[in-house]
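Below: one structure, written as structure tokens.
The values are calculated or read from the model by the stated rules, or taken from the named source; none is laboratory data. Computed from a predicted model, the values in this text were never measured in an experiment. Note: ideal-geometry Cβ built from the backbone for every residue, glycine included; neighbour counts use all protein chains shown. All accessible areas refer to the heavy atoms of the entire protein, side chains included, with ligands and DNA or RNA removed. Shrake-Rupley method; radii C 1.70, N 1.55, O 1.52, S 1.80 Å.
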Amino acid sequence: MKVLILAAGLGKRMKSKYPKVVHKILGKPMINWVVDLGKKFGEVGVVVGHKAEIVKSYLPQDVKTYLQEPQLGTGHAVMCAKQFITAGDDILILYGDVPLLKPETIEKLAQTHARAKADVTVLTFIADDPTGYGRIVRNGEKIKIVEHKDANEEQLKIKEVNSGIYVFSGKFLLENLDKLSNNNAQGEYYLTDLVEMASKVETVLLDDPVQVSGVNDRVQLAQLESVAKERILKELMLSGVTVVDPASTFVGPDVKIGIDTIIHPFTILEGNITIGEDCEIGPYTRIKDSTIGNNVKIMRSEVEGAIIENNVSVGPFARLREGTVLKEKVKIGNFVETKKSVIGKNSKAQHLTYLGDATIGEDVNIGAGTITCNYDGYKKYPTSIGDGAFIGSNSSLVAPVKIGKGAIVGAGSVITEDVPDDALALGRARQVIKENWAKMKREAMENANHKE
């Protein structure tokens, strides 16, 4: 099977400068929800149109794109991708703004189509209010789709309607696409016309119509996000994950979480994330595109593009940026920021620290207020700290610099040169004490005030 996704529309009601299909549900663009679904069934092609370059920038490199310009209906969109269609393959038609279809629905549609050797198989559903939908009109074995505006009084009573999702025989499509006409009020070419041309039409009735809900405005976008959120959290809880407050928890579709992990309120997990077993995540935590091991605690923190190994604690109020690697039993505390840094086993930075472009060994203690000065305004430079080193509070390590194994950096130091193994480094001015200076200063100020 091949999968063709129609994603060329303007989406005027979104009131946006961006194409409708790149708006996100749970942090993931709608078009990528549909592409990932399509990839489960075969090669994927996407018909783009309005602001095509923006849409293409969100697509994986192995997805083929076809330009529809101007946009003249669903039939015209498929015509624009005619070279994607092959006679020996079935063609599944999906839409870039219908993100919540389930794989089992597509599987059933494809199996029905194959068993019947149909020209086209249509996914239908029962609408409580069918206004605006094309009606499924049956006459014996013959089936056609009648649009609402063209339906007679009897047809308007029909509640089985067209979802717009089809499986076509590639051979049938190639033989009949060019027969479509735009002789209608809109001057457009419609896929529904192909159903009436087909000799063999099958239907699959969907019992969960929300799967085929599309997005036309931001209200509907929020409604579908709510559905997606509830679906994902339910699956997680049934798989052994504790979600303390589902109403305040947002988990994206590409997040994997191990059993006995607890997700606390006001947590957002988006992108490609793997979280192990027995973790505690949150509250008030956002994680994106990261890998997290077992028995990890992350509280009130931001994590993006990080790898966190087992038995690590993070937070509160930490920020782990892209390229951070925390080895086993690392402790990262309050108001610590890391970026492109590897922090070795059992090392800790508990307070008010910035570690950028750093390689830190095992059993290292980073004192409060320490920073790696990795940027000179033009380039970034590395800092290396050896196993067992101790960095005193309020130290500035001016990169490029290496601190040896077992070395000690005295508190308040500015380190500009490499420190050998087991050495003590002090980089601060000698303390000066002037006896009674403060007392004499106060007395002088008091005398000046009396004279005034």
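Modelled spin labels at residue 289 and residue 442, positioned 7 Å past Cα toward Cβ, are 5.8 nm from each other.
Both the radius of gyration and Dmax for region 1-60 are 11.4, 36 Å, in that order, over alpha-carbon atoms.
Taken as Cα centroids, region 316-388 and region 274-302 sit 18 Å apart, rounded to the nearest whole angstrom. Residues of region 306-336 falling in the label zone of residue 351, defined by backbone nitrogen less than 12 Å from a point 7 Å along Cα to beta-carbon, are 333-335. What separates the Cα centres of region 126-146 and region 1-42 is a distance of 26 Å. Overall, the accessible surface of region 140-183 at a probe of 1.4 angstrom is composed of carbon and sulfur to the extent of 44 percent.
Under 5 Å from the amide H of residue 94 lie the amide H atoms of 4, 5, 6, each residue being 5 or more positions distant or on a separate chain, with H modelled from the backbone and absent for Pro and chain starts. Counting only Cβ charges, +1 for Lys and Arg and -1 for Asp and Glu, the dipole size of region 328-420 around its Cα centre is about 200 debye. Taking 0.36 nm per residue of separation and subtracting the Cα-Cα distance, full extension of the segment from residue 428 to residue 138 would add 95.5 nm.
At full extension, residue 128 and residue 334 could sit 68.8 nm farther apart than now, given 0.36 nm per residue minus the alpha carbon distance. Nonpolar atom fraction for region 287-361, defined as the carbon and sulfur part of the 1.4 Å probe accessible area, stands at 47 percent. The value obtained for region 226-328, namely the Cα convex hull volume divided by the number of residues, is 68 Å³ per residue.
Dividing the summed helix terms, -39500 (n - 2.57) for each DSSP H run of n ≥ 4, by the number of residues in the chain produces a 222 nm estimate of -5500 deg cm²/dmol to the nearest 500. Would you kindly calculate the translational diffusion coefficient of the chain, applying Stokes-Einstein with the Kirkwood radius from alpha carbon pairs, for 10 °C and a viscosity of 1.306 mPa s, and quote it in µm² s⁻¹ without decimals? So the translational diffusion coefficient is about 61 µm²/s. With the largest listed first and rounded to whole Å, the semi-axes of the equivalent ellipsoid of region 139-288 from the Cα gyration tensor are 45, 17, 15. Each residue of region 231-243 is assigned a 3J(HN,Hα), and the resulting list reads 5, 5, 5, 4, 4, 5, 5, 5, 8, x, 9, 8, 10 Hz, derived from the Karplus form 6.51 cos²θ - 1.76 cosθ + 1.60 (θ = phi - 60°), x at Gly and Pro. Counting only Cβ charges, +1 for Lys and Arg and -1 for Asp and Glu, the dipole size of region 170-287 around its Cα centre is about 140 debye.
What share of the DSSP beta bridges in the chain is antiparallel, in percent to the nearest 5? Restricted to the chain, the bridges split so that about 20 percent are antiparallel. Taken over region 115-220, lysine pairs spaced eight or more positions apart, or on distinct chains, with alpha carbons under 21 Å apart number 19. Taking all protein chains into account, the per residue accessible area for the chain stands at 50 Å² (1.4 Å probe). Per residue, the convex hull spanned by the alpha carbons of region 342-452 comes to 140 Å³. Residues whose amide H falls under 5 Å from that of residue 165, counting only those 5 or more places apart or on a different chain, are 123, with hydrogens built in the peptide plane.
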